[in-house]
Amino acid sequence: MKSYYDVLQFLKGFGTFIYTGDPRSDLEMMMAEVKELYENGLIMKEDYLKALMILRAELQDK
């Protein structure tokens with residue numbers, strides 16, 4: 001994962017589609033979803049940390 005789009009596609013692989021119309025809310029919901037996937041043992045720590053880093057960077061830009 002290298003970009004916001006990559007995180008979207010990653011979540012899509014788990015059947016997660018997030019769109020509220022508010023970009024900031026979308027990012028916050030995506031962060032919560034990634035955290036939940038990690039806590040439930042569905043993704044590896046590396047993917048979790050990489051996704052969070054990308055989403056936090058996007059959140060700072062909004």
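Loop-located chymotrypsin sites (Phe, Trp or Tyr not before Pro) in the chain (DSSP state other than H, G, I, E, B) with a sparse environment of at most 16 neighbouring Cβ atoms within 10 Å: Phe14, Phe17, Tyr19.
Counting protein heavy atoms only, the stretch 1-44 has 53 percent of its accessible area on carbon and sulfur, 1.4 angstrom probe. Helix 45-61 axis versus longest C-alpha principal axis of the chain: approximately 10°, rounded to the nearest ten. The slack in the chain from Leu42 to Glu28, taken as 0.36 nm per residue of separation less the alpha-carbon distance, amounts to 3.1 nm. Counting only protein heavy atoms and a 1.4 Å probe, the chain has 70 square angstrom of accessible area per residue. Each residue of the stretch 14-21 is assigned a 3J(HN,Hα), and the resulting list reads 9, x, 9, 10, 10, 7, 10, x Hz, derived from the Karplus form 6.51 cos²θ - 1.76 cosθ + 1.60 (θ = phi - 60°), x at Gly and Pro.
Counting only helical runs of four or more DSSP H residues, what would the 222 nm mean residue ellipticity of the chain come to if each run contributes -39,500 (n - 2.57) and the total is spread over all its residues?
-22500 deg cm²/dmol
For the chain, compute the number of Lys pairs whose alpha carbons are separated by less than 16 Å, excluding pairs fewer than 8 positions apart on the same chain.
So the count of such lysine pairs works out to 6.
If you take all other residues with their beta carbon under 11 Å from the beta carbon of Leu27, and give Lys and Arg +1 and Asp and Glu -1, the sum is -3.
Across the chain, Cα pairs under 8 Å and at least six residues apart give a relative contact order of 42 percent. Summing Lys and Arg as +1 and Asp and Glu as -1 over all other residues whose Cβ lies under 10 Å from the Cβ of Lys50 gives a net charge of -1.
The values are calculated or read from the model by the stated rules, or taken from the named source; none is laboratory data. In this text the structure is predicted, and so the values were computed from the model without any measurement. With ideal geometry, Cβ positions are generated from the backbone for all residues, glycine too; neighbour counts draw on all protein chains shown. Protein only, heavy atoms only, side chains kept; ligands, DNA and RNA dropped before computing areas. Shrake-Rupley method; radii C 1.70, N 1.55, O 1.52, S 1.80 Å.
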